[in-house]
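Visitor: Submitted below is the structure of interest, expressed as structure tokens.
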Amino acid sequence: VCMVLTVAFASAAGAVELSTEDMLSDGEVGTQHTSTAQLTELYQNPSLETWTVTGSTELTDVTWTVSYYDQTNARWKQESYDGQTLTAYPVSVSDGTSEVTVKITGTVPEVDTYQYNPAQNFTVMTLTQSRQGGTSNELGQWQATKYTQTSREARAEIDAAASVVNSINSNEADQSLQNAIDAYNGEQFELATQLANEAQAQAEQRQQNQQTQQFLFLGAGGVVVLALVIGAILYWRSQRSQPDKLG
């Protein structure tokens, strides 16, 4: 899944505007993805005439492609780099560069330790504005959730169960839900799915029992009211049928 983002990141030197069209937001372990960031408004501070785009990522088998465009939107230079870190060709006003795009292609890394909450994230890309003399300013960082097919299915079942369990007061369902989360954290995804389904079923049964009890209570209350009404009517009639003692 990818997302679109346009935002200006402020820095001590001014602001570089970044926009993305295909930035990864979640990805399956072992699959390959490409994400791109576009940098404009490169020279907000007049004294900042030359700087370098540097970057890092937790993707594996990585290739960076950095393209440079002039004011006519013509690409005048393109460089490719391999590895999880990037130090690109300098951005310089003397070259007429007005826009830079950074494209990264890589593979979603393995999950070291599974945890239901929070979900396992990784850094898709971090971009930094690096200047001569060693000073730098982070331009932006993008993170995504990583998963396997079985872990995603188990998480979906736990999420569905939690939405029901959290609305019902049931210790049994609460415990089953916690057991499902513990199983997920232990990478027992099939068991986690089973326990989540049990928790949801227990919560739904508890909800049904509560509704039945409420119905019976209301029904019993109605019978009592009806009995009182009938009794009042019979009493009223009996009083009317008695002869007038004063007559």
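Values in this text are rule-based calculations from the coordinates and carry no lab data. Because the structure is predicted, anything quoted here is derived from the model rather than measured. Virtual Cβ from ideal backbone geometry, glycine too; neighbours counted across all protein chains shown.
Visitor: Please arrange Tyr68, Tyr114 by how many other C-beta atoms lie within 10 Å of their C-beta, fewest to most.
Guide: Ordered from fewest to most neighbouring Cβ atoms within 10 Å, Tyr68, Tyr114 come out as Tyr114, Tyr68.
Visitor: Compute the signed sum of charges (Lys and Arg +1, Asp and Glu -1) over the other residues within less than 15 Å, Cβ to Cβ, of Ser130.
Guide: The answer is -1.
Visitor: Can you compute 3J(HN,Hα) from phi for each residue in the stretch 54-60, using the Karplus curve 6.51 cos²θ - 1.76 cosθ + 1.60 with θ = phi - 60°, rounded to whole Hz and x for Gly and Pro?
Guide: For the stretch 54-60, the Karplus-derived couplings read 10, x, 8, 7, 9, 4, 10 Hz, x marking Gly and Pro.
Visitor: Could I ask something else about it? If amide H atoms are built 1.01 Å from N in the plane of the peptide, which residues on other chains or at least 5 residues away come under 5 Å of the amide H of Gln120?
Guide: When sequence neighbours closer than 5 places are left aside, the close amide H contacts are Gln115, Lys146.
Visitor: How high is the FRET efficiency between Asn121 and Gln44 when r is their beta carbon distance and R₀ equals 45 Å, given to the nearest 0.05?
Guide: According to the calculation, E is roughly 0.90.
Visitor: To continue, here is another question. Can you give the local net charge around Ala192? Use residues other than it whose beta-carbon is closer than 10 angstrom to its beta-carbon, Lys and Arg +1, Asp and Glu -1.
Guide: -4
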